[in-house]
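Take a look at the structure set out below.
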Amino acid sequence: MNPQVWQIACGEKGRRYQRLFLDHDVMFLGPGRFGPYSSSLYDENPEAQVEGEGKITYIRQIATEVQSGDLVLLRSGYNVLSIGVVESDYFHTTLFDDIYGWDLEHCRRVIWQRQHDAALQQIQSSSGLFQHRPRVTTFSRVKDATSLDPIRHLLPQVTRRSLRDLPEVPPAPLSPEQLSDALFREGLGYEACLHVERAIRKLRGLLAWYGEERSPGRPTEHEVVAHMILPLMLALGWSEQLLAVEWRKIDLAVFTHAPTTPSSCGLVCEAKGMDNPLQDVVEQAVGYCEKHQLHNCSKILVGDGGCFSLYRKISGEWESDPSGYISLRKLRRHYLLPKGADAVKTLMALTPAHIAR
């Protein structure tokens, strides 16, 4: 009997995590915060139902329908990046509880057949394998056998080997008080540390309130700027005079000194509504820097209210991937993605002393 073939997405534009899949022989999806899959925790749980039936279907499938030996196509957009073979039973782990703000804790180990990656790229040079489908779900069994025809010759060519190690478990999240202590040890003033701690507590309360579905569609990007980014920047020591909202259509421009002209702009902040991908926002911010000739702007901060990514300009070029990251729900000294990002050091990089360098 031929193995089943599944396809799984590795995120979306601005939130790609294929490196974790490929480097650690794993696939995962979420939400996972309700614990290991069971019908009572997911199918019959009203709180889980808020996440949407589609996601619960994915979780049920990865937990109960996928079998060892099944094949998996790792997909980015319409393109297949790699072929894998399932090598484990289902398990739940908190290892991936914050991947760009998503809790992706339902897992299977997969031996990815990297020897086929170049062939896959060549086969799809003009059209992705799933290009003919108007919408491809995050995870599903590939039922249309004809869609597999271009790569069918690769599917039986499976090589078994030892699984690559999973990543090290990230450190436990910091409490707002622990964050304040860590910022103080990094050199932030005592009063500023207290202001940041108080701001973080308030922002977490807002996130919880928005998450209770009391205000559908909120926060909007303007509310993210007004209620979340501005309070955080003020707590870090910035003055209102140096924080310009909607300056030349930039959500928030941060200036190192007065007068607030293009030459004194050191940081550009752009926001999206809750849980929206941020890659397009980065491109927009880079465009503003070029359009307004912000030659001394060295950092871009993008955020959706719960998560913030920091991009730096190095030797005149903007980073393609963020080097700084903050998840307000899980404040960590080390995140899996962006690799090595540290919430404490990211906050320090946003202080007036560091932006003015």
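FYI, it's all coordinate maths here, none of it is from the lab. The shown structure was predicted, so the numbers you read here are calculated from the model rather than taken from an experiment. Note: ideal-geometry Cβ built from the backbone for every residue, glycine included; neighbour counts use all protein chains shown.
Over the chain, how many pairs of lysines fall under 20 Å by alpha carbon, counting only those 8 or more apart in sequence or from different chains? Lysine pair count for the chain: 20.
Relative to the longest principal axis of the Cα atoms of the chain, the long axis of helix 190-211 makes an angle of roughly 50 degrees.
Summing Lys and Arg as +1 and Asp and Glu as -1 over all other residues whose Cβ lies under 11 Å from the Cβ of PRO171 gives a net charge of +1. In order along the stretch 85-94, phi translates into HN-Hα couplings of 10, 5, 10, 7, 6, 5, 8, 10, 9, 8 Hz, rounded to whole numbers, per the Karplus curve 6.51 cos²θ - 1.76 cosθ + 1.60 with θ = phi - 60° and x for Gly and Pro. Work through the residues other than ARG160 whose Cβ is under 15 Å from its Cβ and net out their charges, Lys, Arg +1 and Asp, Glu -1. Combined, the nearby Lys, Arg, Asp and Glu give +1. With neighbours defined as other Cβ atoms within 10 Å of a residue's Cβ, the residues VAL282, VAL110, VAL245 order from fewest to most as VAL245, VAL282, VAL110. Under the criterion of Cα pairs below 8 Å and six or more residues apart, the relative contact order for the chain equals 15 percent. Once C-alpha pairs closer than 8 Å and six or more residues apart are averaged by separation and normalised to the residue number of the stretch 176-355, the relative contact order reads 18 percent.
Starting from the Cα gyration tensor of the stretch 222-357, take the square roots of the eigenvalues, sort them a ≥ b ≥ c, and report rounded, prolate or oblate (rounded when a/c is under 1.5, otherwise prolate if a/b is larger than b/c, else oblate). Here the stretch 222-357 falls in the rounded category.
Using just its DSSP H runs of length 4 or more, each adding -39500 (n - 2.57), the chain gives a mean residue ellipticity at 222 nm of -7500 deg cm²/dmol after division by all residues.
Taking amide H as placed 1.01 Å from N in the peptide plane, the amide H of LEU29 sits under 5 Å from that of GLU105, HIS106, each at least 5 places away or on another chain. If R0 equals 30 Å, the separation of the Cβ atoms of ASP43 and VAL169 corresponds to a calculated FRET efficiency of about 0.55. What is the chain by shape, rounded, prolate or oblate, if you read a ≥ b ≥ c off the alpha carbon gyration tensor as root eigenvalues and call it rounded for a/c under 1.5, prolate for a/b larger than b/c, and oblate otherwise? Prolate, since a/c reaches 1.5 and a/b exceeds b/c. Per-residue packing, averaged as other Cβ atoms within 10 Å, sorts the ranges 142-148, 302-308, 78-84 into the order 302-308, 78-84, 142-148, beginning with the highest. Going 7 Å from the Cα of TYR78 in the Cα-to-Cβ direction, what parts of the stretch 36-70 have a backbone nitrogen less than 14 Å from that spot? The answer is none. Placing R0 at 25 angstrom, the Cβ-Cβ distance between SER140 and ARG33 gives a FRET efficiency of 0.65 after rounding to 0.05. The distance between label points at SER127 and ASN296 comes to 5.4 nm (points 7 Å beyond Cα on the Cα→Cβ vector).
Taking Cα atoms only, the orientation of helix 176-185 departs from the longest principal axis of the chain by about 60 degrees.
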